[in-house]
Structure formats: C-alpha cells, structure tokens
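Written below as structure tokens is the structure these notes are about.
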Amino acid sequence: MQLATRRRAPSARRGSHLPPSGRGGGGSLDAVRRLPRAPDRADGSGVAEPTSPGTGEVDGLGRPEGARRRGRATAFRSLAVLALAATLLGLAPVQERTTVFLVGDSTMADKPDPDHNPERGWGQLLPRFLDGAVTVRNAAVNGRSSKSFIDEGRWSAVLGQIHPGDVVLVQFGHNDEKVHDPTRYTDAETGYRRNLARYVAEARAKGAAVVLLTPIVRRQWNAAHALEDTHGAYPAAMRRVATEMRVPLIDLQRATETLVARAGEEGSKALYVWAAPGEYAMYPAGRRDDTHLSLRGATEVARLAAEGLRRLDLPLARHVRPDR
C-alpha cells in the first residue's frame, strides 16, 4: 500500500509577516496578516502574550502587540524619572522674585567694613524688613545728587538691570542743595523736578513701579531746642512731582522728623554717627555727624520706609515685615 504524502505549504520567511512575493499586495500595509492569537495563560488570566518574536497580534508597523504595550509603559516610566530628577535638581518652576532697586545718596547707601565702620545707610538695613521673595540691589552712592547720579552713568546702569515687575525707590535732596558745586547742584523747581520726572518715566517704560522718598532730616537743633528743617524747597518739590505723575510717595522727611524729635536733642545722637575719641579705630579723634546714620538710626529709618511700603497699593506690600 502506498502511503499518501502531504505536501507542506510554503511558509513565510522567519520574522516577516508580509505575504510571499507574487501573492498579493506587493508589501502594502493593507496586506499585513493578522496571525492567530496565542493561547490564554495557564493561570486563566485571559491575557494573551506572544510566545515568540514572530507570533501574536501585530500593530500597523509590524510590531507585536505586547511589545507596543511594553514600550508605552517604558516611556511613561522615563517621563516620571525625568520629572523627579528635574525637581531634585532644582529645575522645576520656581516662584518669580521681585527686585527692589535703591537709587539715592549716602543716607541710603551701603557702607563698607561694617565690623569697624559705625556708619550705615538705611537701605543697607531694608532687606531685614522684607521676606525671602524680594531681592534688594542698593545702587545708592555717597555724595550723589539727582543730577550727578545721572551724569555719571549710574542711572543707565540701573536701567539696564530692571525687568517688568521690579520696584525702584528714589531718594535725593541732600546733595542737590550744594549750591556751590555745579556737578551736583539742582534748582528745586527746575532741575530737581526734571530729574525726578526722568527717573519715574524711564523706570516705568521698563515695566517697573517707582516710589519717591523725601530726604531724611538732619539732626540740627536751634537755640530754642527745636529741630530745624535743612532741606528747603526740595521735599515739597518731590511731593508735587509725585502728585502730578501719580507716583507713590513715602514722606521720610516728616517721618524722620517725628523720630528724631521724639528721641530728643540728646537721645537723637544715638541715631547718627556720634563717636567719642578712641571709640572707633576709623575715628581716633571721635566724630560728630548729624547727617549720616548709625546702625540704630539706619535700622529705625529702614523700618519707617518698610512701614510706608506696606501701606502702598503695590504687590511688594505683601512681602514687607516692618515688625522685625
């Protein structure tokens, strides 16, 4: 008896799911075969997995269905790892900071060598009354007026650093009064007002808020033991600029007049740089300065400035801590 033999059907090349050449769509994706599903797991889960790289369902690109799912899970895990790494490395979004620029003279400026120098500017102590969301950049310089600060290019340097949302505090007057110094002197009703208006307009053009501050008082008592005004028309001129240009104003002249008057003729010496001979190495002969502030005086004036800032209708107000 002759046994019948069965002819094996030609099989597709290993690793290919396209029909053999000459049997159909010439490699078109429409001709991709859908091979039988692999049997369910023995545990009855009903989840079919390919039993080999060449079996199981395939997607439109010829990849096994299981491989596609595994690739998607891997991608999600990678994104989660990247997000965690960004947070740990400080690359995650952070709260934007506000920068406060100080523009003014020696009564506001930072002073060098604080371990040996008893003098301070109130701007040097202002950060103490602001929270950590605020950066203070003190550009105030000894001896400058509203005129010389511009002429020396210092205002242009500040402008180059200003960004929208920043705040600029402007205090001038002490050196604008130097009538015998043409590099600093300004007339209160002309040059001084014009310079203040320029600070306001140019800072606003950069998106910053501007606050004007009248100059602090000098400790000058007359024969009747009353505190004398030494600034003449300058504080009033600044107040008019603030009104005309709708600029917030902190009246430090009036606030410090109250501070010094309450301290009294003798007690107010502690607010300024009064030093006995030999008390400080910087001043072996001592010093009697009724214009520049001591650490205590600068702290109290900075507190007054902070209280003024808190009362203003500015976003900065919520970052002020004048009770520190």
Pick from segment 144-191, criterion within 20 Å of residue 106 (Cβ to Cβ) and among the polar types (S, T, N, Q), ranking: nearest to the chain's Cα centre (by Cα): 171
First in segment 207-224 and assigned by TED's automatic domain parsing to the domain that holds residue 259, second anywhere and part of a loop (DSSP other than H, G, I, E, B) and buried (at least 23 other Cβ atoms within 10 Å of the Cβ), Cβ under 6 Å, 6 or more apart: 215/173; 215/174; 216/107
Positions within segment 92-112 being part of a loop (DSSP other than H, G, I, E, B) and polar (S, T, N, Q), in sequence order: 95, 106, 107
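Quick grid of which residues meet (1) modelled with pLDDT of 95 or more; (2) under 16 Å from residue 308 (Cβ atoms); (3) in contact with a Ser or Thr (Cβ under 7 Å, 6 or more places away or on another chain):
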site: 108; (1), (2), (3): yes, yes, no
site: 112; (1), (2), (3): no, no, no
site: 118; (1), (2), (3): yes, no, yes
site: 130; (1), (2), (3): yes, yes, no
site: 137; (1), (2), (3): yes, no, yes
site: 146; (1), (2), (3): yes, no, yes
site: 149; (1), (2), (3): yes, no, no
Failed condition for residue 300, given (1) in contact (Cβ under 8 Å) with a residue 60 or more places away in the chain; (2) acidic (Asp, Glu); (3) crowded, with 18+ Cβ neighbours inside 10 Å: (1)
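Here is a yes/no grid of residues against (1) modelled with pLDDT of 95 or more; (2) surrounded by 20 or more Cβ atoms within 10 Å (Cβ to Cβ); (3) assigned by TED's automatic domain parsing to the domain that holds residue 157; (4) more than 28 Å from the chain's Cα centre (by Cα):
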position: 203; (1), (2), (3), (4): yes, yes, yes, no
position: 239; (1), (2), (3), (4): yes, no, yes, yes
position: 262; (1), (2), (3), (4): yes, no, yes, yes
position: 267; (1), (2), (3), (4): yes, no, yes, yes
position: 282; (1), (2), (3), (4): no, no, yes, yes
Complete set of residues in segment 134-191 that are touching a residue at least 40 places away in the same chain (Cβ under 8 Å) and loosely packed, with under 14 Cβ neighbours inside 10 Å: 161, 163, 164, 189
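The values are calculated or read from the model by the stated rules, or taken from the named source; none is laboratory data. Bear in mind the structure is a predicted one, so any value in this text is a computation, not a measurement. So basically every Cβ, Gly included, is an ideal-geometry build from the backbone, and we count neighbours across all protein chains shown.
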